[in-house]
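Reviewing the structure listed below.
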Amino acid sequence: MNASKGHAEPTRATALDRITRQAELIENIMHELLAEVDIEQLSNLQRLNIAIKLMGQQTRILTLYNSCTAAESPQEAESLLAALMRQMRGEEEVE
C-alpha cells in the first residue's frame, strides 16, 4: 500500500477490470449512437467508415487486454492501461 496517498497498489485484476469496464462503456456508446441510424439509408462508404471506426476501438481494447494478461507486473499492466486511455483521448499516437 502506498502510505503517502493511502491507495492500494494496482493489481493485474484491477487493470483487467478497468479494461473490461472501458470496453463495455465503448460498446454501450456505440450501441446508443447507432440505435437511431437507419443503416439502409447509409451509403456503402458511410457503412465502411462506421465499421472501420468500431473495429479500431475493439482492436485497441483487445490488444490492451492481451498485453495486460501477459504483463510481467501489475505496474506494467497499469502502465499499458494508462497508455491506452491517453491514446483514446488523442493525447499520443498509436504505435
Cβ-Cβ below 6 Å, separation at least six or inter-chain, first residue in segment 39-53 and under 20 Å from Glu27 (Cβ atoms), second assigned to a helix (DSSP H, G or I): which pairs? none
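Where in segment 8-88 are there helices (runs of 4 or more DSSP H), lying wholly inside it, with at least 3 residues that are among the acidic types (Asp, Glu)?
Values: elements: 12-35, 44-70, 74-88.
Of the helices (runs of 4 or more DSSP H) lying wholly inside segment 8-88, those with at least 3 residues that are among the acidic types (Asp, Glu) span 12-35.
Every read-out reported here was derived from the displayed coordinates using simple, explicitly stated rules and does not represent laboratory data. Remember, predicted model here, so these are calculated numbers, not experimental data. Here the Cβ is made from the backbone with ideal geometry for all residues, glycine too, and neighbour counts use every protein chain on show.
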